[in-house]
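Encoded as structure tokens, the structure appears first; notes follow it.
The values are calculated or read from the model by the stated rules, or taken from the named source; none is laboratory data. Just so it is clear, the structure is predicted and the values come from calculations on it, not from any experiment. In this analysis, Cβ positions are derived from the backbone assuming ideal geometry, glycine residues included, and neighbour counts consider all displayed protein chains.
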């Protein structure tokens, strides 16, 4: 379900949070592979979106706009050790973090840079082309292509060694 | 190269399982509270700033009115102590609404007529026991400058104004003061009150200065 309703006030924005934050969380989690960091990325996305909420005239573009913000926030998110510790007792992380069916691949994936993970996730999971991935990440298409190639090479090496 | 399809299929399965990861419970509510709560906090801060501004303006208006009410006589601040002869007359440029001191207004009540002396058309002095102030005008009474010697003890004051520049002050402690010191201190200025010097101390057994003899310039006890 896309954001198609004209939303311009706090109530509308709150409903947008409830509609979109799940999908944004999935994108952020595919890049960050951390539940709490993914929530932080979604929150920062919504904070940025709220500042410019009224400037986006076309509600049809809001979903794509939010996804782009979320991807870039996930790439730039700072690791916050102390808040994560404080939040640890509040979040149901055991329920949120799934068991990995492919632990070797998971280990190798986590060793990649965030940019490499973003290209892989957007390309293989969400079906974006390399050029679209570059646009979402905010880099040149050649750079995105390089991220993808290096990521695959790294993962192949890791998986061959294990 | 033979493991490339395997890697991509494994990646797709891995990412697909990751995409099904549930968001933490209550995430939407927390985010809404944080994001929109910050909006309200901004509004609250704006309101608080406006309140502080209104309070500051009100305070300024109040202080201004208080100053106006206390400025029946526009006098300069009291000069520096006489021991450091830096006291100077700070003329007030603005003419007073009531050119002569009013007995019931401000810190100069009930001046005895004898302590008001005009030594010329333009220059005059005014002082009085119980007021602890000596005033001087050089423009016929339009403006009055506070030329009080700050170091003078508060109490009974007797003054003698010889001319535009020379004046004397004899002071003792206020009657009823919890002390047995009844000495009388005499101060003199020769430059119109800019600087005062203590010219002497008279030890009196009992009493207060009642007058200054212009010839001897000594206080006599009543």
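Matching residues to (1) surrounded by 13 or more Cβ atoms within 10 Å (Cβ to Cβ); (2) out of contact with any strand residue (DSSP E or B) (no Cβ under 9 Å at 6 or more places or on another chain); (3) at pLDDT 90 or above; (4) away from every other protein chain (no Cβ under 13 Å):
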position: A:12; (1), (2), (3), (4): yes, yes, no, no
position: A:44; (1), (2), (3), (4): yes, yes, yes, no
position: A:62; (1), (2), (3), (4): yes, yes, no, yes
position: A:102; (1), (2), (3), (4): yes, yes, no, no
State whether the residues of the range A:35-58 include one that is in contact (Cβ under 8 Å) with a residue 60 or more places away in the chain, closer than 24 Å to residue A:123 by Cβ and not in a helix (DSSP H, G or I). no
Just a yes or no: is a residue in the range B:24-31 over 21 Å from the mean Cα position of the chain (by Cα), at pLDDT 85 or above and on the phi > 0 side of the Ramachandran plot? yes
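For (1) more than 14 Å from chain B (Cβ to nearest Cβ); (2) touching a helix residue (DSSP H, G or I) at 6+ places or on another chain (Cβ under 8 Å); (3) touching a residue at least 12 places away in the same chain (Cβ under 8 Å), each residue gets a yes or a no:
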| position | (1), (2), (3) |
| --- | --- |
| A:108 | no, yes, yes |
| A:119 | no, yes, yes |
| A:127 | no, no, no |
| A:130 | yes, yes, yes |
| A:138 | yes, yes, yes |
| A:151 | no, yes, yes |
| A:157 | no, no, no |
| A:161 | no, no, no |
If a residue counts only when it is in contact with a helix residue (DSSP H, G or I) (Cβ under 9 Å, 6 or more places away or on another chain), modelled with pLDDT under 85 and closer than 21 Å to residue B:185 by Cα, which strands (runs of 3 or more DSSP E) contained entirely in the range B:96-163 have at least 2 such residues? B:155-161
Does residue A:23 satisfy being touching a helix residue (DSSP H, G or I) at 6+ places or on another chain (Cβ under 7 Å), more than 16 Å from residue B:34 (Cβ to Cβ) and surrounded by fewer than 21 Cβ atoms within 10 Å (Cβ to Cβ)? no
Can you confirm whether the range B:70-92 contains a residue that is in a helix (DSSP H, G or I), surrounded by 10 or more Cβ atoms within 10 Å (Cβ to Cβ) and modelled with pLDDT under 85? yes
